[in-house]
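J.: Shown below is the structure under consideration.
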Amino acid sequence: MKTKKRFFLTAIFVIIGLVISNATISINSMSSIENDDLNNISIDKNEEIVSVLVYLKDQVNLDGINDQMDRTRASLQNRHETTVVSLQNIAYQTQPSLVEYLDKLQIKDFVKEYKTFWIRNIIRVDTYQSIVNLIAKRNDVLNVYPNYEIELIEPIDERPDIESFNRDEIEIGVEAIRAPEVWDMGITGEGVLVATIDTGVDGNHPALASRWAGVADPRYEGHPEWAWFDPYLYQNDFPYDTNGHGTHTMGTVCGGAPGDQIGVAPGALWISAGAIDRGGGIPQTVADAIESFEWMIDPDGDPTTNWDVPAVCSNSWRVTTSHGYPPCDETFWSYLDACESAGIVIIFSAGNEGSIGLGRPSDRATDDYRTFAVAAVDANDPDWPIADFSSRGPTYCTPDGSEAIKPDISGPGVDVRSSIPGGGYGYKSGTSMASPHINGVVALMRQASQNISVEEIKEIIYQTAYDLGDPGEDNSYGWGMIDAYEAVLQTSEPPCPPVIEGPYDGIERTSYNFTFMCEDPEGENVYYWIDCGDACPIDWIGPYTSGEEITVSHIWNDIGTFCIKAKAKDDNYVESDWSDPHNITIAENQIPVKVTINGPKWGFGGVEYEFTFMSTDADGHDLYYRINWDDGNDTGYTGPYNSGETLKLIHSWKKKGDYSIKAWAKDPLNDESNQANFKLNILTNADKEKSRNYLFSEFLVRLIEHFPLLNKILNNLI
Ligand SMILES: [Ca+2]
Ligand SMILES: [Ca+2]
Ligand SMILES: [Ca+2]
Ligand SMILES: [Ca+2]
């Protein structure tokens, strides 16, 4: 797969500078504001209250985290936990001082309200502009942004489906992106969680009701708020949609009633945040969307779990230009980056402004993957022309302000039929309708490959798109029309479960070799995780070539039967099933038997005699022998010798006396036999008494040599 260069978000800070609503504030503030100064503040209470986002200086380096996660080939769960915990830690550690300051301001009624966030280290503050200026001068504050309004990307055209509720067919756009061919492969998005941030969803619509995670997944029992978030009214019990837009987009993602297939990933379960365009004069602000992203990045509030985290979230809204929102503003980017770092693919509709330009943040091109922006084509026309309204590139929201191609990908967005609140169906046109198609394709890909990373998903979608318009990537279609079938085919399949070979019996504290082998259908490198059944698993090792037999040794320190299992994963983190178990029975080590010593029972000082030593080991272990000659000489352990092999040694004693030879055998586990003893008598000291007894000694030696029976008799006597 092609790897593209990642630019760093920090670069764009330098380019665009810092813009706030009524003033430009330097980040290099003079000094922190002392509490005493509070007494000197005077506010004109007629001054307008503004809502701002205060960014603290200390921020998590998400790109750094992602580079590290990519290098270690981290699972999505690991990415999620690392991201969320890092973000929370920095917020919890650095916000207390500012919070204390805001509390004091609030007591004096200088601050109306504030809310802390951790998805980015920010605090939303509703206060007077003059107080904003004070806050911005604090040493711990990086900058202050206005809390911009956001708006729905309104459909260009909409009409109800007057023909019938059930059309008994698959929607043409779903067909055009080849989703049914993926379903035929047995992939429907099952086991995958999808999300939207939109106007809400009609949780009772027959095309969607059965797949709302809040009812479909028993893990949500008692916690509907993990599956539906209402940042305006906090009515988090059951999803609803007073607008209609969000029910339509979710229908395209995963909706479907029997015989009427409107959704791309009908097997997926959905969650949603109803943050956009809720009407009734309630302010729709950036902070509300941030709250939705902060909910979505960990709905159950437990960073160690990621079953509650959606694989993908499509967004059919934008931050408006009409309220002074500056071009290429990075306000939003960090929340999207946090979600993507946690494993959620974030999708934005390109906008419905045609050649006037792209919406925000879909105009961002800080690298090839962000923001993932979707154009609309007319799938009802066999030529799949780009919709007139679909926002065109290029964009200049790049790290160095140079031109870049946008949008990134196209999906069906003209006359798209999908669900509307109340149980009916209707047609809508807009890039809002195109991005849910992309959402559904991501769900299909995540079913095919559970740990595939956000960037890998986008890259596969780019590379498998059906090119339209000018050859290659262009400013109308991006990479072209999304092709669900090709994308899922390119999404890696797991390696086969490893095959294990090795011994079935063994002895404690002994190293045994096992071979492991698996093949990956795409021939990707493989990594192994080996469970040896003894709570000492061998963590991911690799990479190894697909099909290469690897040898791994392991030592069991306890006796018993142990079940060895292994699984493999490929370069795309796709994990195999567990291997068949391989049982090994580990027995207790047997100590070597007491050494048998043979040799003469008497002799003369200074004369060399041969002794033999022999032990056996019931396990067949090699043996090491140690001999103590009882005259101050000790061989220490020598070996190895085969079990049952006889060791021959020559020794002579200098002095006359009774000696007791001692011998031990030990096996490679250092388990030692009991001590063996062998007594012998040295009759004379050859050195000292050689002259005096020479003749007698010589006589005896000769006599014994010539009369073996005498030797026997003497041996028995002594
Ligand atoms: Ca969680
Ligand atoms: Ca093209
Ligand atoms: Ca693979
Ligand atoms: Ca042994």
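Coordinate-derived values only; no laboratory data. The structure presented is a predicted model; accordingly, all values stated were derived computationally and were not measured. For neighbour counting, all protein chains shown are included, and Cβ atoms are generated from backbone atoms with ideal geometry for every residue, glycine included.
J.: Provide the packing ranking of 74-80, 136-142, 539-545, i.e. peptides ordered by the mean count of other C-beta atoms within 10 Å per residue, highest first. Don't skip to the end; give the middle numbers.
T.: Numbers: 74-80: 20.3, 136-142: 17.7, 539-545: 14.4.
Packing order, densest peptide first, comes out as 74-80, 136-142, 539-545.
J.: If the convex hull of the alpha-carbon atoms of region 596-717 is projected onto planes in all directions, what is the mean projected area in square nanometres?
T.: 8.1 nm²
J.: Only bridges with both residues in the chain count here: give the DSSP antiparallel percent, nearest 5.
T.: Numbers: 84 of 116 bridges.
Bridges in the chain are about 70 percent antiparallel.
J.: Dipole of region 534-638 (Lys/Arg Cβ +1, Asp/Glu Cβ -1, origin at the Cα centre): which of 607, 568, 578 lies farthest to the positive side?
T.: Of 607, 568, 578, it is 607.
J.: Which aspartates and glutamates does residue 594 reach when only Cα atoms under 17 Å apart count, and residues fewer than 8 places away in its own chain are ignored?
T.: Correct list for residue 594: 617, 619, 622, 645, 667, 671, 672.
J.: If we sort 122-129, 53-60 on the protection proxy, mean other Cβ atoms within 10 Å, highest first, what's the order?
T.: Numbers: 122-129: 22.1, 53-60: 19.5.
Highest-to-lowest ranking by the protection proxy: 122-129, 53-60.
J.: Kindly flag which residue pairs out of 406/569; 57/108; 57/569; 648/679; 108/137 have an alpha-carbon separation exceeding 29 Å in this structure. Mind showing how you got there, number by number?
T.: Details: 406/569 34 Å; 57/108 26 Å; 57/569 39 Å; 648/679 17 Å; 108/137 19 Å.
With Cα atoms farther than 29 Å apart: 406/569; 57/569.
J.: Still on this structure, please answer the following. Nearest 20 debye, what's the magnitude of the dipole of the chain about its Cα centre given +1 on Lys and Arg Cβ and -1 on Asp and Glu Cβ? Could you put the intermediate results ahead of the total?
T.: Working: 52 positive and 110 negative charges, 803 e Å.
Computed about the Cα centre, the dipole is about 3860 debye.
J.: While we're looking at this one, here's another question. Using packing as a proxy for protection, rank 253-260, 701-708, 169-176 so that the peptide with the highest average count of other Cβ atoms within 10 Å comes first.
T.: Working: 253-260: 22.5, 701-708: 11.6, 169-176: 20.1.
Descending packing order for the listed peptides: 253-260, 169-176, 701-708.
J.: To the nearest 20 debye, what is the magnitude of the charge dipole of region 501-556 about its Cα centre, counting +1 on the Cβ of each Lys and Arg and -1 on the Cβ of each Asp and Glu? Mind showing how you got there, number by number?
T.: Working: 1 positive and 12 negative charges, 58 e Å.
The calculated dipole for region 501-556 is roughly 280 debye.
J.: Further question: Provide Rg over Rh for region 193-314; use the alpha carbon set for both Rg and the Kirkwood Rh (inverse mean inverse pair distance).
T.: On the way: Rg = 13.4 Å, Rh = 14.2 Å.
So for region 193-314, dividing Rg by the Kirkwood Rh gives 0.95.
J.: Let me ask something additional. Note down the magnitude of the dipole of region 22-147 about its Cα centre, charges +1 on Lys and Arg C-beta and -1 on Asp and Glu C-beta and zero elsewhere, to the nearest 20 debye.
T.: Working: 13 positive and 17 negative charges, 74 e Å.
With only Lys, Arg, Asp and Glu charged at Cβ, the dipole is about 360 debye.
J.: Return an integer: the convex hull volume of the alpha-carbon atoms of the chain, in Å³ per residue.
T.: Details: hull volume 177.0 nm³, N = 718.
Normalising the Cα hull of the chain by residue number yields 246 Å³.
J.: Excluding residues on the same chain fewer than 8 positions from residue 115, give the aspartates and glutamates whose Cα lies under 12 Å from its Cα.
T.: 103, 126, 288, 291
J.: Full-extension gain between residue 88 and residue 701, please, as 0.36 nm times their residue separation minus the C-alpha to C-alpha distance.
T.: Values: separation 613, 0.36 × 613 = 220.68 nm, distance 9.34 nm.
Extending this stretch completely gives an extra 211.3 nm.
J.: May I ask you to sort 314, 97, 334 by Cβ crowding, counting other Cβ atoms within 10 Å and putting the fewest first? Walk me through the numbers on the way to the answer.
T.: Numbers: 314 30, 97 13, 334 21.
Fewest-to-most ranking of 314, 97, 334: 97, 334, 314.
J.: What residues qualify as long-range amide H neighbours of residue 276, i.e. H under 5 Å apart, gap of 5 or more or another chain, H built at 1.01 Å from N?
T.: 198, 199, 200
J.: Is any helix in the chain, taking whole DSSP H runs, at least 20 angstrom long along its axis by alpha carbon and on average at least -1.0 on the Kyte-Doolittle scale, and which ones? Don't skip to the end; give the middle numbers.
T.: Details: long enough: 76-94 (27 Å, -0.56); 431-448 (26 Å, 0.38); 686-706 (26 Å, -0.61).
In the chain, the long hydrophobic H runs are 76-94, 431-448, 686-706.
J.: Given Cα pairs under 8 Å that are at least 6 residues apart, what percent is the relative contact order of region 499-587?
T.: Numbers: 213 pairs, mean separation 32.3, N = 89.
Relative contact order comes out at 36 percent.
J.: On the principal axes of its Cα set, how long, how wide and how thick is region 22-147? Give whole Å, largest value first.
T.: The Cα atoms of region 22-147 stretch 56, 25, 25 Å along the principal axes, largest first.
J.: Turning to a different aspect of this structure: In the chain, which cysteines lack any other cysteine Cβ under 4.7 Å from their own?
T.: Flagged as lacking a Cys partner: 254, 313, 339, 496, 518, 532, 536, 563.
J.: What per residue convex hull volume, in Å³, comes out for region 151-490 when only alpha-carbon positions are used? Please report the intermediate quantities before stating the final value.
T.: Values: hull volume 40.7 nm³, N = 340.
Hull volume normalised by residue count: 120 Å³.
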